[in-house]
Each structure stands twice: as C-alpha cells, then as structure tokens.
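One structure is given below, encoded as structure tokens.
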Amino acid sequence: MIFAKGRLWPSSRQDEILSGLEAYINRVRATKTLSRETVIRALSALGDRISRGEFDGRIASLAAGEDAARYKKLAVSALNRENIELRLARELGSGPMPSAPGIRTEFRPLGTLFHIAAGNMDGLPALSAAEGLLTGNFNILKLPQADSGLTVEILSELCRAEPEIADFVAVFDTPSSDVAAMKKMAGMADGIVLWGGEEAERAVRKLAPAGAKLIEWGHRLGFCYVKTDFEALCAGRTDPRLISDLSGLAEHIALTGQLLCSSCQTVFLDTARREDMEAFARIFLPLLEEAVKKHPPAEIGVLAARSIRQRMIRMERALEKNGIDTPAEDRGSPEKDRAILEGRECSLILCRDSSLELSPLCMSVPVKRLPEKNLLPTLRRGESKGRLQTAGLICPDEDRGRLTDLLLRAGLTRVTAPARMSEPFPGESHDGEYPLRRYVRAADVEEGGAVSG
C-alpha cells in the first residue's frame, strides 16, 4: 500500500509513482510552504479526537486494559498544542536568531527527508514523519515490515484535518530487499533519517547520494543501577521503598518488553559479592513474575519467542546440572559464567561479568555486579561506549546527586526513576540531541545591500 498525493495507491504502482516523484517534489518545494501552524493544528485536532475516545478501538488493538489507557494518555500528551509549541521553542527558538547588522539568520527546512523507520514501537514511523512536517520538509517514508497500517491511518487523518499536508508526504511499503526502489528514494533526499542499528547504517550509507545528510537514530542501551544496603537484603530485611522501586522496574520491563532503546536491558548492582546478587534475585524475581502476569504481551510473535526462550532456559539449566559445555575449572563452582533463575514467563540471568549487554528479551534480565568505583570505566569500554541512553537509578537520597553526575559523565543522556525509564515528557531530547534541529539548516540572508564595515 502506498500513500501519496493525499490518496492510497496499490503497491503495484510503486515504480510509476517513484518515476514522477522527483518532479512532483520540485514543484511542491518551489511553490508551496508548509507552515508550522498548519501542522500543529492537524496534530492537535488528532489529539483532541483521541482524547474524546474516537480511537479507543484502534488503541485497544495495540494494548489492553491499563496499558491501553497509558498508551492513550501518552498519545494525547504528545499531540497537545502546548507541548508541541514548547518543543518547537526549545529546539528551534521563536523566530530569527540575532545576527550581525544587516544580516537575517533563520532556520529553513533541510528539503526532502527520506525516513527509514524501525518497527519496534507502534507509531514511530508516523512520529518521524510528523517531525519532518513540523520543520517544513517534504517527507518520503519507507514503512517497516512490522507496520500494522497505523502509520498510514495517522497520516491520512492529518491530511484530512489539513489538506495542505498531503502535498508534503509520500509513504511506501517497500521491502528492504528492494534496493533499487530504496536507492531511488534516497537519491531524492537532502537528508536520510534512519532508525536502526549499525548494520542498517552501513547499508544506508551505500544508498545515500553524495551530499545527503545521514541523520541516524541508532540502537541505544538502557539499564538500571541499584545501590542499597545489601547486607540487610541478605539478612532478609527489605526496605519498603526499595520494594516500591523494584516493583516499578518490573512494571517497566513488562510494559516495554525490553524492546525500546530506553528499556532496561541489564540490572547492575553496586556490589562485588555474589551472595548480594543472589539475595537481590530472590526479591526481584517474584516482582517481575507479578508484573509479567499483569502485563502479558499481546502479539503472538512475542508469546512464541518467550516460549522458545523458556525452553532454552530449561535446556541450559539441565546442561549446567550435568556439567556439559562448562569449563573444567568452573564445574561445581558457584562462580560459573551464568546462572539462570527461571520464573513464570520470565527469568533472571546472574552473570559473572560486568559488561552492559542487550538482554535476550522475552522478560529475561541479566543481573550483574558493578561497584561504583568501576562504573564509569566499565560503561566506557566495548560496545556500550557511545551507545548509552537511559539509566534507571535506585539509591538512597543522599547518593542520588553523586551517582546521577557519575552516570552523566559516563555518557548517559537520561537518568530517571526505574518506572519512568521509557516515559516521554514534553520538550525532551532524543539520544542527547534535539531532532528538529537536525532537520533544518541555518540560512544567513543579507538585507538591503552590502554590509558596512
């Protein structure tokens, strides 16, 4: 399915539409301007309709129960006029920038953006296109294979509210294997917006024409860092506040399925002792079980992956018990590389190393020891360097300022309570940058002849 010029087209018309798209884009860019106010009105109107419940059925197909209510609340907040204007003011300012006498400096659209969106978050492709529209760009959007039709539905509603928007967007369901079509789209772009990992970035660089700006939103890693009284934990004494924070972390893991860049991939404990890690696991595993029971995944693919993962866990445990594939020096030792604690529909993986890693997903959470003194050098090495994003922090109040500063020095761009690791807020940055600023260029214009002096 293709959405272009304000209407739907069958995928079989792709080559025909692409062949005339460059000329169409040039006409639009030469004669039309998409104002921010037009886009804000359309987004705000859509938010009002969502708030009134007009899309409750569609939201229910993406999430159920409390999760649906949360999804709706987030959508309404993101589309709120006041929040959009706050974001525009923060990222682009409120008007021309101060400059030299006789010089006017303003932000102009980059031109044509080619969005290659990932499918790990419902609505992400539409969000990417909306950012391009807010900055006045023409937007070519290649849908991810996992798109459920939500993107076209959202953009159709925006065009229905403000028909001018239709002139600035073209959506294709082109598979990534169709390299020729993607190369044509990339060839029309002044900027390529990529949501994906290093392999996707390498592939897109081969498609990008010389001079095109590559705007990469790559995979990032999030984790939770826990500093608490582990001696008390080992003795069976639990702080109610710690239990509350860990319950929030468990809810976050279950809600996100660990699929987002801001999701908790690994839990780090401020300790060097294995018995502390085991005491933590005894407390946290039941909380994670309860959260997963409360927020089961809706997609059959996730359920199937979880079932496979649980089978693998049982096999690994059986192999460990028999010492199979275990180094001789580690057999029978409590310090094996990994010990897997299997819960109902979830698991904790107690690890020997302290490196940040992508979790196996399916509610399988690595737990590692990382004393505070080793935190920065550990996060600054290997694959985690340059890929850090969100840290959930659990610690006493008197340690929060110091640990927050240390996490930021290590390269994190977001530090939150664990329950809010993936909760957006108005005006937030993305991976430490402001997206709208990357979709525009600063233009300096001399006014009224030569500049004196």
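The values are calculated or read from the model by the stated rules, or taken from the named source; none is laboratory data. Remember, it's a predicted structure, so these values are computed and weren't measured experimentally. Every residue, glycine as well, gets a Cβ built from its backbone with ideal geometry; the counts of neighbours run over all protein chains shown.
Table for the structure above
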read-out	value
Which numbered condition ALA166 misses (of (1) free of Cβ contacts under 8 Å to residues at least 40 places away in the same chain; (2) closer than 14 Å to ILE2 by Cβ; (3) in contact with a Lys or Arg (Cβ under 7 Å, 6 or more places away or on another chain))	(1)
Residue count, segment 69-109 (criterion: more than 23 Å from the chain's Cα centre (by Cα), part of a loop (DSSP other than H, G, I, E, B) and at pLDDT 80 or above)	3
Candidates ARG402, ARG437, filtered to the one that is in the same structural domain as ALA250 (by TED's automatic domain parsing), of a type outside the set (A, V, I, L, M) and part of a helix (DSSP H, G or I)	ARG402
Looking only at segment 346-368, and only at residues there that are charged (D, E, K, R) and surrounded by fewer than 20 Cβ atoms within 10 Å (Cβ to Cβ), the one that is modelled with the lowest pLDDT	GLU357
Count - residues of segment 32-55 that are outside any helix (DSSP H, G or I) and on the phi < 0 side of the Ramachandran plot	7
Segment 241-274: number of residues that are under 22 Å from the mean Cα position of the chain (by Cα) and small (Gly, Ala, Ser)	6
Qualifying residue in segment 209-223 (condition: of a type in the set (Lys, Arg), in the same structural domain as GLY386 (by TED's automatic domain parsing) and more than 22 Å from LEU260 (Cα to Cα))	no
Test: residue in segment 10-19 that is at positive phi and either assigned to a loop (DSSP other than H, G, I, E, B) or under 22 Å from the mean Cα position of the chain (by Cα) (or both)	no
Criterion: farther than 23 Å from ARG438 by Cβ, in the same structural domain as LEU88 (by TED's automatic domain parsing) and assigned to a helix (DSSP H, G or I) - qualifying residue of ALA186, ALA126, ALA181, ALA130	ALA181
Subset of segment 182-197 that is out of contact with any strand residue (DSSP E or B) (no Cβ under 7 Å at 6 or more places or on another chain) and among the charged types (D, E, K, R) - its residue that is surrounded by the most Cβ atoms within 10 Å (Cβ to Cβ)	LYS184
2 or more residues buried (at least 17 other Cβ atoms within 10 Å of the Cβ) and at pLDDT below 85: qualifying helices (runs of 4 or more DSSP H) within segment 204-323	300-321
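Condition check ((1) at pLDDT below 95; (2) surrounded by fewer than 20 Cβ atoms within 10 Å (Cβ to Cβ)) across all residues:
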site	(1), (2)
LEU370	no, no
GLY382	yes, yes
LEU388	yes, no
ILE394	no, no
ARG400	no, yes
THR413	yes, yes
HIS430	yes, yes
GLU433	yes, yes
ARG441	yes, yes
